[in-house]
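The values are calculated or read from the model by the stated rules, or taken from the named source; none is laboratory data. Worth saying up front: this structure is predicted, and the values here are computed from it rather than measured. Cβ atoms come from the backbone with ideal geometry, glycine included; neighbour counts cover every protein chain shown. Only protein heavy atoms, including side chains, enter the accessible area calculation; ligands, DNA and RNA are left aside. Shrake-Rupley method; radii C 1.70, N 1.55, O 1.52, S 1.80 Å.
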Amino acid sequence: MVTGMDGGLKTAKILVVRRDNIGDLVCTTPFIRALRQALPQARIDALVNSYNLPVLAGNPDLDHAYAYTKAKHREGGSLLGVHWRRLRLMWELRRRHYDLVILAGDGDRQRAMNLARWIHPRQIAGFLAAGEAGSQGLDLAVVLDDRPRHAVEITCRLLEPLGLATTPPALRLVPELQSADAARQALAAQPWFRPERPTIAIHISARKPPQRWPAASFAALMERLHAAYGFQFMLLWSPGDEDNPLHPGDDRKAAAILDTTRGLPVLAYPTYHLRDLVGGLSCCQAMICSDGGAMHLGAGLGLPIVCFFGNSDAVRWRPWGVLQELLQPASRNVQDIDVDEALAAFGRLWKQRA
């Protein structure tokens, strides 16, 4: 239990730090939600990176979300400017005089600890690796173990030393109104669009090669889904060239799919910003994708999902709290999932939804 705070946890000032990937942050929203449910009068803030900030936009469980820009995510401006703005943010956080900083990530713990020490809260909570000597500067520690757990369950273990342990609640994701409206208007402008017909999100981008389902497979699946159900589709992808070393994209893959499916009702929807992806997904009734950040965004919006898993841990990273059909071949490469399997999986998913 947190000690040494006036009024205890009920009116504490708490900062949750989560500095890593999209899926990690989405899977932290149940932890933030549990904090808010248990501590309605506390001040609860978050510190994330600017690329992931839209995940927390409009989140009613937070008082404020702070963000810093990683050097690789800067859009124009100098590297010196990035570091200067980060330093100013750290000073601002230090002046907040937080009672508790919670390091919600279970990786790269030393950098997170250095950051927490700079903010100088009364206490720091976080994870320790099994067998790690001492507290490593943590006032409240949860020891990691080898028990298979979902990422949501792992993060929610940090509620235990606070005396707030509970069943993890649902994910929380609030689409930005402007981005959701833009996606709805783009759909409505299509001559084939019918509001009563389900729109299926087809997200084709994946960071790791073993997670990339081929363009021909996506196109064939869309053709068969349209023939069987009459669906319309929103095709989403990370724009750019696949050979770009900093920001690889899937323009060529999308073009190949669109060329093959030119007779189908398909809206091409490249997502230049994370808020655009959330807005697009919010207009759909189900999703087909590979494991990755987009999958977790879909889960955060409550979409039923057919997901392809390659060499990632399906126990830890499967969609949380939504209807799902997970396909992971023995080879741990999604290219070995055939269209018949994917079609059957979607059929099972759609039947559950009904």
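Mind computing the radius of gyration and Dmax over the alpha-carbon atoms of the chain? Å is fine for both.
21.4, 67
What number, in nm² with one decimal, is the all-direction average of the projected area of the convex hull of the alpha-carbon atoms of segment 94-248?
So the Cα hull casts an average projection of 15.1 nm².
Over the Cα atoms of segment 179-222, what is the Rg over Rh ratio if Rh follows Kirkwood?
My calculation of the ratio gives 1.08.
Taking the Cα centroid of segment 233-298 and of segment 24-67, what is the distance between the two, rounded to the nearest whole Å?
26 Å
Based on Cα coordinates alone, diagonalise the gyration tensor for segment 99-173, multiply each eigenvalue by 5, take square roots, and list the semi-axes in whole Å, largest first.
Sorted largest first and rounded, they come to 20, 15, 12 Å.
When the helices in the chain are scored as -39500 (n - 2.57) per DSSP H run of 4 or longer and the sum is shared across all residues, what 222 nm value do you end up with, to the nearest 500 deg cm²/dmol?
Calculated from helices alone, the mean residue ellipticity at 222 nm is -10000 deg cm²/dmol.
Pulled fully out, how much extra length does the chain show between Tyr229 and Asp251, if you take 0.36 nm times their separation in residues and subtract their Cα-Cα distance?
Gain on stretching Tyr229 to Asp251: 5.2 nm.
At 1.4 Å probe size, with every protein chain present, just tell me what the per residue accessible area of the chain comes to in Å².
Averaged over the residues of the chain, the accessible area is 46 Å².
How far, in nm, would the chain grow between Arg197 and Val315 when pulled straight, counting 0.36 nm per residue and subtracting the alpha carbon separation?
Once the chain is fully extended between Arg197 and Val315, it gains 39.2 nm.
Could you give the spread of the C-alpha atoms of segment 252-331 along their three principal axes, from largest to smallest, in whole angstroms?
Taking the Cα atoms of segment 252-331, the three principal extents are 37, 29, 21 Å.
With a 1.4 Å probe and every protein chain kept in, tell me what percent of the accessible surface of the chain is carbon plus sulfur.
Looking at the chain in its full context, I get 50 percent from C and S.
Just to check, using Stokes-Einstein with a Kirkwood Rh over alpha carbon pairs, what's the diffusion coefficient of segment 207-354 at 20 °C and 1.002 mPa s in µm²/s?
Answer, rounded: 138 µm²/s.
Can you give the charge dipole size of segment 185-325 about its Cα centre, rounded to the nearest 20 debye, using +1 on the beta carbon of Lys and Arg and -1 on the beta carbon of Asp and Glu?
220 debye
Asp338 to Val143: FRET efficiency via 1/(1 + (r/R0)^6), r the Cβ-Cβ distance, R0 51 Å, to the nearest 0.05?
Efficiency at R0 = 51 Å is approximately 0.75.
What ranking, highest mean first, results for peptides 123-131, 233-241, 187-195 when packing means the other Cβ atoms within 10 Å averaged over each residue?
For the peptides 123-131, 233-241, 187-195, the packing ranking is 233-241, 123-131, 187-195.
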